[in-house]
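Note sheet for the following structure.
The values are calculated or read from the model by the stated rules, or taken from the named source; none is laboratory data. Keep in mind that what you see is a predicted model, and the values were worked out from it rather than measured. So basically every Cβ, Gly included, is an ideal-geometry build from the backbone, and we count neighbours across all protein chains shown.
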Amino acid sequence: MTTVSIIGSGKMAGAIAEVASRAGFGIQIIKRSATSASAARPGLEYGVMGDELTGDLVVLAVPSGAYAGIAELYRDQLAARVVVDISNPIDFSTYDELTSPPDSSTAAELAAMLPPGSAVVKAFNVNLGDTLTSGTNGTTPTTVLYAGDYADAKTAVAALIEAAGMRAVDVGPLTRARELEAMGFLQIILAALGKTRYESGLALLP
């Protein structure tokens, strides 16, 4: 059985855990500490930062500012794994801009932090948590856009998405993560301004 380690315990961690549960994957939640609150499903395998990762896929459901510390702590364990970056690097003090370099992305920065053998895939950042939890966007299955440089890694992420009943769309190499982050930024801003709801999202029709 394929397994997923989710680092983080907030709303998006809970949403990814729901996706993995629908897909029939084993789930490990890594929290910052044993007392950290968790939005994930009850009855899952839990650990704390520093515990061994058990997942074939590792999803970073934490702010991108935490990536350097995670990359250092888990450097050896991430060397042979698919690492999924779901972040949207927004300046939440102003809601006015992305904080990643204009010619890069958090996914590219993460890839540079990790050892050879790691494969970073950008995914789920264009989706608000509610549409992942429900698996639907209005009356259509939720579409998850993803990008990466390694075919096997992207196949593994697409398998998770599709097994959970959603539509997986490969948008290209990891350089496309910049555009995905801009799309995620726009969705969050629209929801924050009340122009859309947090239960809504962009739908890519066939």
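This table checks each residue for (1) farther than 28 Å from Arg178 by Cα; (2) touching a Ser or Thr at 6+ places or on another chain (Cβ under 9 Å); (3) touching a residue at least 12 places away in the same chain (Cβ under 8 Å).
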{"position": "Ile7", "(1), (2), (3)": "no, no, yes"}
{"position": "Gly14", "(1), (2), (3)": "no, yes, yes"}
{"position": "Arg32", "(1), (2), (3)": "no, yes, yes"}
{"position": "Ala61", "(1), (2), (3)": "no, yes, yes"}
{"position": "Ser64", "(1), (2), (3)": "no, yes, yes"}
{"position": "Tyr67", "(1), (2), (3)": "no, yes, yes"}
{"position": "Ala80", "(1), (2), (3)": "no, yes, yes"}
{"position": "Pro89", "(1), (2), (3)": "no, yes, yes"}
{"position": "Thr94", "(1), (2), (3)": "no, no, no"}
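The set of residues in the range 34-58 being within 15 Å of Gly14 (Cα to Cα), without any contact (Cβ under 8 Å) to a residue 40 or more places away in the chain and either surrounded by 13 or more Cβ atoms within 10 Å (Cβ to Cβ) or touching a Pro at 6+ places or on another chain (Cβ under 6 Å) (or both) consists of Ser36, Ser38, Ala39, Ala40, Arg41, Leu44, Glu45, Tyr46, Gly47.
The residue that is modelled with the lowest pLDDT, counting only those in the range 133-152 that are touching a Lys or Arg at 6+ places or on another chain (Cβ under 9 Å), surrounded by fewer than 22 Cβ atoms within 10 Å (Cβ to Cβ) and farther than 13 Å from Ala15 by Cβ, is Thr140.
What residue, of Leu160, Leu145, Leu186, Leu190, is part of a helix (DSSP H, G or I) and within 13 Å of the chain's Cα centre (by Cα)? Even if it seems obvious, please write down each step before you answer.
Values: Leu145 fails: part of a helix (DSSP H, G or I); Leu186 fails: within 13 Å of the chain's Cα centre (by Cα); Leu190 fails: within 13 Å of the chain's Cα centre (by Cα).
The match here is Leu160.
I'd like to know if the range 92-105 contains one or more residues that are under 25 Å from Ser21 (Cα atoms), over 15 Å from the mean Cα position of the chain (by Cα) and crowded, with 16+ Cβ neighbours inside 10 Å. No.
Does the range 119-132 include one or more residues that are surrounded by 21 or more Cβ atoms within 10 Å (Cβ to Cβ), among the basic types (Lys, Arg) and within 19 Å of Asn88 (Cα to Cα)? The answer is yes; a qualifying residue exists.
For the range 101-157, which residues satisfy the criterion of being farther than 19 Å from Glu181 by Cβ, touching a helix residue (DSSP H, G or I) at 6+ places or on another chain (Cβ under 8 Å) and not polar (S, T, N, Q)?
Just the residues of the range 101-157 that are farther than 19 Å from Glu181 by Cβ, to begin with: 115-118, 130, 133-141, 150-152, 155-156.
Subsequent filtering for residues that are touching a helix residue (DSSP H, G or I) at 6+ places or on another chain (Cβ under 8 Å) retains 115, 118, 130, 133, 135, 137.
Within the range 101-157, Pro115, Asp130, Gly135 meet the criteria.
Here the condition is being in contact with a Leu (Cβ under 6 Å, 6 or more places away or on another chain) and surrounded by 16 or more Cβ atoms within 10 Å (Cβ to Cβ); of Ile86, Ile70, Ile27, it holds for Ile27 alone.
Across the range 1-17, the number of residues qualifying as over 10 Å from the mean Cα position of the chain (by Cα) and more than 18 Å from Leu53 (Cβ to Cβ) comes to 3.
Mind listing whichever residues of the range 182-206 are touching a helix residue (DSSP H, G or I) at 6+ places or on another chain (Cβ under 7 Å) and of a type outside the set (Ser, Thr, Tyr)? Working first, answer last.
Of all residues in the range 182-206, those touching a helix residue (DSSP H, G or I) at 6+ places or on another chain (Cβ under 7 Å) come to 196-199, 201-202.
Answer for the range 182-206, where residues must be touching a helix residue (DSSP H, G or I) at 6+ places or on another chain (Cβ under 7 Å) and of a type outside the set (Ser, Thr, Tyr): Arg197, Glu199, Gly201, Leu202.
For the range 187-199, name all the residues that are without any contact (Cβ under 8 Å) to a residue 12 or more places away in the chain and loosely packed, with under 14 Cβ neighbours inside 10 Å. Matches in the range 187-199: Leu193, Gly194, Lys195, Arg197.
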